[in-house]
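Undergrad: Attaching a single structure in structure tokens format; questions to follow.
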Amino acid sequence: MQPSDDRRTLRTLALLLGVSFALITLEARVPNSPPIAMLKAGAASVFGPLQQGATALVRPIDGLRTRVGNSEQLAAEVDRLRTENSALRQQLSATSVNTAEVAELNELLGVAGAGQYRVVPARVIGMGPAQGLTQTVTVDAGRNDGLKPDLTVINGDGLVGRVLTAGLHSSTVLLTVDPSVSIGIRMEGSQEIGVLSGTGGAALTLQLLNPQARLRPGDRLVTFGSRAGRPYVPGVPIGEVIAVNRATDGPSRRVQVQPYVHFTRLDLVGIVVEQPRQNPRDAVLPNRSGEIR
Amino acid sequence: MSRNSMLGTPTLSAERLGRMGITAILVAAGLVVAAAVIQVSVLTRLPLPGATADLVLLVLIGIALARGPLTGALAGFGAGLVLDLMPPADHAVGRYAFVLCLAGYLLGQLGPRIFGSTFGLMVLSALTATGTFLAFVVIGALTGDPRTQWSTVADLLPSAVLYTTVLAPLVVRPVLTYFRPAARGELGLVIRARKARQLNPLARRQEL
């Protein structure tokens, strides 16, 4: 390479790094400023259909794993297990992808119905790689389906997250487990309120406003609800307490909460476009035997 | 001081090394977009623990090694912007653009030195995956991103590097072969061949 070419390359490099640096600085000062939001919306309209297509291509392969259970050579074993284990029987009954989807949708409608939410169903078409340190997913519903930022997202198990940005046909959802998320909560029964925070890991940490409140593993919690139901409508099941550790310093305790939703296996979700007129409190929590009241 | 004038090789214009025809640019853009979409819609669905293979980075490694630092920096910047803007990304726009632009430039400087060795490509991919991941996190930490948690980073780094390294021969090699100007019968053939041999006497002839 000639020295002049070297200089030209270095000039280009400096220019590109400068532009990147300017963008990062802008984002740090004014998060999601109008020009950036426009760029992102544009990218969403381009990449949404591509992600939808790619997901549609691989979904049958996902289903294949489940369908293997239907084949004849496994039928006998399935029968044997059926009689042995009633819990396993429930899982095995969902052998076809379609019935599994119907069940998932029913469950979603069940939760929505019990809480009198009106939901728009959507599918997950993209998940952010974990090394981005962001817990977000893309879903295949957007402004055209009535979505807008700060709507609550649920599925059959409970709270999934909230809409971050809504593109035309796809939207980005910020999951409850993202380390930047804090949610107001209410405990089942005691009605104590507190704040639940994402950790980036599988569990969430809970801080109750009343430090004396009684807490035991197994206690369940629902969303407290935000003003006008955005970003969180009230009464959505979130999870249950799995561990209460007294902190070595100070009076606070570290309370760990296991969410009901399996965030690594998200598929069908519902976006709450209309919230209940009355706060359902903890009425949407399934009764202890597992059915929705 | 540039490497080649030190070695006394015939000068090779950065433009010839770096210039991409319109077809090559379109193919590069298509590959980056495809890699980004496969990454978020297919690879993250796989039931594998930890992080996800960095497919976009592997495509960039191929392009930068084949075309030198100028194209490397430009391709890295573009690929980074795609990762910054494509949903469901929610980090400061510019973070991946900065990191991958720098990575593309540095990889381009290496030039054709490791064309021959698949093991070399895998080592290079592992190092690059480590470097870009850490650089991405450090920029977040410097700009006060509340999501920066070093324990999470330590948990994810091994799997991120492992998956990326495993896929490296499958992705980098074909991209490298496609974008190498010599392989496409351009004027760069003789010069690049001689230059590569001087830089790496162990490079196999047929690789050149």
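The values are calculated or read from the model by the stated rules, or taken from the named source; none is laboratory data. If you're wondering where the values come from, they're calculated on a predicted model, not measured in any experiment. Every residue, glycine among them, receives a Cβ derived from its backbone with ideal geometry; neighbour counts consider all protein chains shown. Heads up: the accessible areas ignore ligands, DNA and RNA and are worked out on the full protein's heavy atoms, side chains in. Shrake-Rupley method; radii C 1.70, N 1.55, O 1.52, S 1.80 Å.
Undergrad: Which value, in Å to one decimal place, does the Kirkwood hydrodynamic radius take for the stretch A:121-207 when every pair of different Cα atoms is included?
TA: For the stretch A:121-207, inverting the mean 1/r across all distinct Cα pairs yields 13.7 Å.
Undergrad: Please compute the average number of Cβ atoms from other chains found within 10 Å of each residue's Cβ in peptide B:42-49.
TA: If you average over the peptide's residues, the count of other-chain Cβ atoms is 5.
Undergrad: Just to confirm, what accessible area per residue do you get for the stretch A:138-259 at 1.4 Å probe, in whole Å²?
TA: 41 Å²
Undergrad: Let me check something: with ligands and nucleic acids excluded, how do A:V120, B:V138, A:V160 order by accessible area (1.4 Å probe), largest to smallest?
TA: B:V138, A:V120, A:V160
Undergrad: Can you tell me the mean projection area, over all orientations, of the convex hull of the stretch A:126-280's alpha carbons? Units nm², please.
TA: On the way: hull surface 37.7 nm².
Mean shadow area of the hull around the Cα atoms is 9.4 nm².
Undergrad: So, one more: For the stretch B:13-170, what is the Kirkwood estimate of the hydrodynamic radius, computed as the reciprocal of the mean inverse distance between distinct Cα atoms, to one decimal in Å?
TA: When all Cα pairs of the stretch B:13-170 are included, the Kirkwood radius is 15.8 Å.
Undergrad: Tell me the total accessible area that B and A bury against each other, 1.4 angstrom probe, in square angstrom rounded to 100.
TA: 4800 Å²
Undergrad: A follow-up question, please. By the scheme Lys and Arg +1, Asp and Glu -1, what is the net charge of all other residues having a beta-carbon under 13 Å from that of A:A141?
TA: So the surrounding residues net to +1.
Undergrad: Let me ask another. For the charge dipole of the stretch A:127-191, defined by +1 on Lys and Arg C-beta atoms and -1 on Asp and Glu C-beta atoms about the Cα centroid, which residue among A:G158, A:G142, A:G132 has the Cα displaced farthest towards the positive pole?
TA: A:G142
Undergrad: Take peptide A:155-163, look around each residue's Cβ out to 10 angstrom, count Cβ atoms belonging to other protein chains, and average those counts.
TA: For peptide A:155-163, the averaged partner shielding equals 0.
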